[in-house]
1. Please go through segment 38-73 and pick out each residue that is over 19 Å from Pro88 (Cα atoms), at pLDDT below 85 and surrounded by 14 or more Cβ atoms within 10 Å (Cβ to Cβ).
2. Since Val34 meets every condition but one in (1) within 18 Å of Ala99 (Cα to Cα); (2) at pLDDT 95 or above, which condition does it not meet?
3. For segment 13-37, give me each residue that is among the polar types (S, T, N, Q), exposed (fewer than 15 other Cβ atoms within 10 Å of the Cβ) and under 24 Å from Lys73 (Cα atoms).
4. Out of all the residues in segment 86-101, is one or more loosely packed, with under 12 Cβ neighbours inside 10 Å and either at pLDDT 90 or above or closer than 20 Å to Asp111 by Cβ (or both)?
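The values are calculated or read from the model by the stated rules, or taken from the named source; none is laboratory data. In this text, all values refer to a predicted model and were calculated from it rather than measured experimentally. Glycine also receives a Cβ, built like all others from the backbone with ideal geometry; neighbour counts cover every protein chain displayed.
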Amino acid sequence: MSSRGLNLCTLSGNVAADPQVRQIERKTGGSAQVAEITIYVDRIPSRKDNDSFTVDISVWEGSPAWRKLSHVKKGSLIIASGAIDAFPYISKTDSQARAGLQLKATDIFLDSSPKVEEPKPDEF
C-alpha cells in the first residue's frame, strides 16, 4: 500500500461567518452549488488568545459535508476533513503576497460539546 499522492487533512475550528452558498457553471456543462466557509484554527489551544489562522473551506453539493451544512452557523465549532491546497493572495492591508489554505471538504463533523473553562490555579 502506497501513500504517494495522499492528500487528507482534518482541521477543527470555529466558523467565522454563516456559510455563503453560490451557484456556479461547470466547464463540462450544467451547474452546481458550492458553499464557502472560513474557520479559525488555533495553533496551540493552550497558548495566548488570538494565536490562530484561517482556512477557507469549500463544500460541494452532493458531498456528505453538504448534508450537514444547514447546521453550520457563525461561531459553530466544526471538524472538517478533505483535501487541502495552498493558494496565494495579496493582502488588502499591506499589499504583500501571502499564502492561504483552502480545504475541499468531503465531510464535516459538528462538535456539540460545550466549551469548558479551564480551572484557575487557586480553584484547586
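1. Asp42
2. Against the list (1) within 18 Å of Ala99 (Cα to Cα); (2) at pLDDT 95 or above, Val34 comes up short only on (1).
3. Result: Gln20, Gln23, Gln33.
4. Scanning segment 86-101, I find no residue that is loosely packed, with under 12 Cβ neighbours inside 10 Å and either at pLDDT 90 or above or closer than 20 Å to Asp111 by Cβ (or both), so the answer is no.
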